[in-house]
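Novice: Here's a structure for you.
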Amino acid sequence: MLRFTLLVVVVVGVFFAGTALAQDVAQKTHDLVAALDKTKYKKKEKKNISIEIYIDIKNSAAVKADRADYSGVYETDGYKLDLKVAKDGKADGSGYDSINSDGPAKKFTLRDARVDGALLTGVRVYENGETRKLEAAFVNRTVSTGKNANEIESHETSFGLGFVETGPAVAGSTDRVGEWTNRVFLERK
């Protein structure tokens, strides 16, 4: 009877631990996808001329049944990631990024990378030994543009990988006052 009770306790514990992990991955993915969304509206008027610009960027998590389907090259200005994902979710990759568009690109390899659902996690290890945590979401990104929210002229949807980077305004600073944030979307090529 004691063995049966212990077995039940272990099975229930494993079930709840797996459920908690799945909820954590889903919540991280949801939060990251929401952080990638952005809406911008500007209107300028001078004398008899009025100019309106509206941009709305919405993202939705792109969960694929076979995680190996996430393999590919993801790229945008200043960033590139060549990603290989196995069916079990283990991932390898390499690429480069350049936070300043005029600065030199820094090459990296991915270490301890894994895909769970639409979430890619890992560590970018740069040639100089620096490391940066990576949490990115595979998303379908829709960009709507026009004069304003009621006069949309175009919708473009693309698949890719999005993440949010932050850092100090001055390299090496630990002061959070001048911190910057950059939303990055790498389109699959």
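The values are calculated or read from the model by the stated rules, or taken from the named source; none is laboratory data. Treat the numbers as computed from the prediction; the structure is a model and nothing was measured. Reconstructed Cβ throughout: ideal geometry from the backbone, glycine too, with neighbour counts over all protein chains shown. Ligands, DNA and RNA are excluded from the accessible area calculation, which covers all protein heavy atoms including side chains. Shrake-Rupley method; radii C 1.70, N 1.55, O 1.52, S 1.80 Å.
Novice: Does any residue of the stretch 81-95 turn out to be modelled with pLDDT of 85 or more, in a helix (DSSP H, G or I) and among the β-branched types (Val, Ile, Thr)?
Specialist: Checking the stretch 81-95: not a single residue is modelled with pLDDT of 85 or more, in a helix (DSSP H, G or I) and among the β-branched types (Val, Ile, Thr).
Novice: Looking at (1) loosely packed, with under 12 Cβ neighbours inside 10 Å; (2) within 19 Å of the chain's Cα centre (by Cα); (3) at pLDDT 85 or above, which is the only condition ARG141 fails?
Specialist: (1)
Novice: Taking the stretch 52-66 on its own, how many of its residues are more than 17 Å from the chain's Cα centre (by Cα), of a type in the set (D, E, K, R) and not in a strand (DSSP E or B)?
Specialist: 1
Novice: Also, quick follow-up: So which pairs qualify, if the first residue must be in the stretch 31-48 and exposed (fewer than 12 other Cβ atoms within 10 Å of the Cβ), the second must be not hydroxyl-bearing (Ser, Thr, Tyr), the Cβ gap must be under 6 Å, and the two must be at least 6 apart or on different chains?
Specialist: Matching pairs, first to second residue: THR39/ASP56; LYS40/ILE55; LYS42/ILE53; LYS43/GLU52; LYS44/ILE51.
Novice: ASP69 versus (1) open to solvent by 10 Å² or more (accessible area, probe 1.4 Å); (2) part of a strand (DSSP E or B); (3) of a type outside the set (Phe, Trp, Tyr): which is the lone unmet condition?
Specialist: It is condition (2) that ASP69 fails.
Novice: Is there any pair linking a residue in the stretch 137-162 that is touching a residue at least 24 places away in the same chain (Cβ under 8 Å) to one that is open to solvent by less than 40 Å² (accessible area, probe 1.4 Å) and acidic (Asp, Glu), with Cβ under 6 Å and at least six apart or on different chains, and which?
Specialist: Taking only residues 6 or more apart or on different chains, the pairs are SER144/ASP56.
Novice: Which count do you get for residues in the stretch 53-80 that are touching a strand residue (DSSP E or B) at 6+ places or on another chain (Cβ under 7 Å) and either modelled with pLDDT under 95 or not hydroxyl-bearing (Ser, Thr, Tyr) (or both)?
Specialist: Residues that pass the stated criteria total 18.
Novice: Do we find a residue being touching a helix residue (DSSP H, G or I) at 6+ places or on another chain (Cβ under 7 Å), under 15 Å from GLY78 (Cβ atoms), at pLDDT below 95 and not in a loop (DSSP other than H, G, I, E, B) anywhere in the stretch 177-184?
Specialist: Yes, because at least one residue in the stretch 177-184 is touching a helix residue (DSSP H, G or I) at 6+ places or on another chain (Cβ under 7 Å), under 15 Å from GLY78 (Cβ atoms), at pLDDT below 95 and not in a loop (DSSP other than H, G, I, E, B).
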